[in-house]
Amino acid sequence: MTGIYDEAHDLGHPSMSAALEQEALDLLVEDATRSISTCESVNELDVLASTLRGKDAPLILARRSLGQVTDEAERKAAGARVGAAMDLVASALEARRGVLQERERRALLEADRLDLSEVVLDAVRLPVRRGHTHLVAQTRAALEDVFVAMGFEVAEGPEVETDWYNFEALNIPPGHPARDMYDTMYLDLGIPETALLRTHTSPTQIHLLEKAVAEGSLPVHAVMPGRCYRLDTPDARHLPVFHQIEGLVVDRDITFGDLAGVIETFTSAYFGPDIHSRLRPAYFPFTEPSAEFEITCTICRGEGCRTCSRTGWIELGGCGMVDPAVFDAVGIDPAKYSGFAFGFGIDRCAQMRHGIADMRALIENDLRFVRQF
Ligand code: DAH
């Protein structure tokens, strides 16, 4: 390989070949290490390793020449130098083997890897777009956020109710004229009670109060969002399946002023600081006194326009002080507790806040509409 051996053999030494000198051994080690570091595969390294251990390998030859060193002490010292040189080469081989093995292992894993990042294509082979929550769901979440920030809890009730929860406990007895505005689907569940798709979220008030009485956990401060059903013909302002959010506070010394304050705070927080609320006398069987609450028309900001019939106000929902008959139905003493309730349409809120002319757009699933929100 290198010329050193030939030289060593040729030159000779009084007692020892030049190949056994430290300098010569260093060169051999350097030479072998350089060859080792240029190996790019375990196979290639194996071939080199057997050459380096072969009978013609310079270090092997050097070891063999030890026998010719006559001086005992010198032979020992030279032997130690050759051994050390051979150890250096062996560890260089071992280190390189480790590097190459790891590299080959990684390459194998990489070749084996499953590519899960495949892009899903739609019918016209464009990447499928990621969806988002529907405007009504976004509106519900935004309303919940406003009320949670005001200290309300969020509760839910069933969409299938019995006559008791939807009507009677809310002071709407059979035959009461108020039932006329709540026509819905009646269900045959094979139970003695009349079952129906709830016409409003107010029955959740009853569930909540019953639970609070049973657990002794009054007071109640809660909002109750959810889906409601009525046999309404869809038009620009009505859907037969729609959403409401109900509010209920039952505590000691609750006044109509508390109700008005909560409605006003909510209105400005949700619609913006220039939108306000007002209460106008109304009738609901489950509140006394009752009111309709109106907010500044969001289309004309109170100037008066076609949408608000030039009044500058738009009705959003109903509210009032919890009727003693409701407290009676759930077993709460109206002398100890008082409360207020309110309810309004979530879809109607979305319509007003985003200026949606026709509410039917919310359920038609026209992507040009849906993607705007
Ligand atoms: N439940 C009524 C409806 O759907 C709205 C309503 C009015 C809810 C007055 C209330 C309330 O909580 O106090 O028409």
Residue set Glu210, Glu215; condition away from the ligand (no atom under 14 Å from the Cβ) and open to solvent by less than 70 Å² (accessible area, probe 1.4 Å); output residue Glu210
Considering residues that are near the ligand (Cβ under 10 Å from one of its atoms), touching a helix residue (DSSP H, G or I) at 6+ places or on another chain (Cβ under 9 Å) and not acidic (Asp, Glu), the number found within segment 312-338 is 6
Restricted to segment 308-363 and to residues being modelled with pLDDT under 95 and of a type in the set (Asp, Glu), the residue most open to solvent (accessible area, probe 1.4 Å) is Glu315
Taking segment 64-107 and keeping only residues that are without any contact (Cβ under 8 Å) to a residue 24 or more places away in the chain and β-branched (Val, Ile, Thr), one is left with Val99
Exactly one of Thr199, Thr204 is modelled with pLDDT of 95 or more and outside any helix (DSSP H, G or I), and that one is Thr199
How many residues of segment 286-299 are more than 9 Å from the ligand (Cβ to nearest atom), at pLDDT 90 or above and assigned to a loop (DSSP other than H, G, I, E, B)? The answer is 2
The residue from Cys305, Cys300 that alone is surrounded by fewer than 17 Cβ atoms within 10 Å (Cβ to Cβ) and in contact with a Ser or Thr (Cβ under 9 Å, 6 or more places away or on another chain) is Cys300
Apart from one, (1) surrounded by fewer than 18 Cβ atoms within 10 Å (Cβ to Cβ); (2) in a loop (DSSP other than H, G, I, E, B); (3) small (Gly, Ala, Ser); (4) within 16 Å of the ligand (Cβ to nearest atom) all hold for Ala178; the odd one out is (2)
Pairs returned, first residue in segment 213-228 that is on the phi < 0 side of the Ramachandran plot, second residue that is of a type in the set (Ser, Thr, Tyr) and outside any loop (DSSP other than H, G, I, E, B), beta-carbon separation under 6 angstrom, 6 or more apart or interchain, are Met224/Thr204
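The values are calculated or read from the model by the stated rules, or taken from the named source; none is laboratory data. This structure is a prediction, so every number in the text was calculated from the model and none was measured. Methodologically, a virtual Cβ is constructed for each residue, glycine included, from the backbone with ideal geometry; neighbour enumeration extends over all protein chains shown. Protein only, heavy atoms only, side chains kept; ligands, DNA and RNA dropped before computing areas. Shrake-Rupley method; radii C 1.70, N 1.55, O 1.52, S 1.80 Å.
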